[in-house]
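This report refers to the structure that appears directly beneath it.
We did not get these values from a lab; they are worked out from the coordinates using the rules stated. Fair warning: this is a prediction, and the values are worked out from it, not measured in the lab. Cβ sites come from the backbone with ideal geometry, for glycine too, and all protein chains shown count toward neighbours.
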Amino acid sequence: MRLRRLGLGLMLLGTGALLLRARKDDVKHLVVEQVLERPARDKRYAELADELEVAGERVLVRARRAKELERAKETMRHIIGIERWGQRRLEAALGEAFSRDEHHPYKPPADATWNDVLEDFTTTRQRTVSLARELSSNPPDPAWRVEHNGLGPLSARGWLRYLMTHAGLESRRMR
């Protein structure tokens, strides 16, 4: 049953991503609410941290099974860049200054080895889990939001869910 719900959620997120490209704000808001915010709203930060750990292991399993290593490396560099970029947004929930930027500077170097990229993902995901646990001890105001460049403002829980689902969806592209 849980896998069926996860599959439905991923299908909705994939469908939502296609709709989001149309840049219709009402559709974008609906998808963000239903796929990111609503599923995370009633979860404790510690629960989200645990889910991020498990989801990170799934990403690593997919990565280690990849046969097309160059393609997989580019996918993992993208995932890591987005995750590190998202961490900066989450740090704003903990009082750090917000800076609007892109994810590209956060990617590992293009000449990084496959093993380096896998290690980078592991340490990056551990940092995201640590941020979730820190948010558990020092939660932001429930009305707090910080901008996602394409999706609009997200709550801290929404950001954690976004990072988890983004990595999960992107990692499915590895073959």
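Sort through Gly150, Gly158, Gly168 and tell me the only one that's surrounded by fewer than 15 Cβ atoms within 10 Å (Cβ to Cβ), touching a residue at least 40 places away in the same chain (Cβ under 8 Å) and not aliphatic (A, V, I, L, M).
Gly150
Which one of the conditions (1) touching a Lys or Arg at 6+ places or on another chain (Cβ under 9 Å); (2) among the polar types (S, T, N, Q); (3) more than 15 Å from Met164 (Cα to Cα) does Gln87 fail to meet, given that it meets all the rest?
Looking at each condition in turn, Gln87 falls short on (3).
Residues in the stretch 89-111 that are of a type outside the set (Phe, Trp, Tyr) and either buried (at least 18 other Cβ atoms within 10 Å of the Cβ) or closer than 17 Å to Arg133 by Cβ (or both): how many?
The qualifying residues number 10.
Only residues that are out of contact with any Leu (no Cβ under 6 Å at 6 or more places or on another chain) and part of a helix (DSSP H, G or I): list them for the stretch 88-110, please.
Once the filter is applied, which keeps residues that are out of contact with any Leu (no Cβ under 6 Å at 6 or more places or on another chain) and part of a helix (DSSP H, G or I), the stretch 88-110 yields Arg88, Arg89, Glu91, Ala92, Ala93, His104, Pro105, Tyr106.
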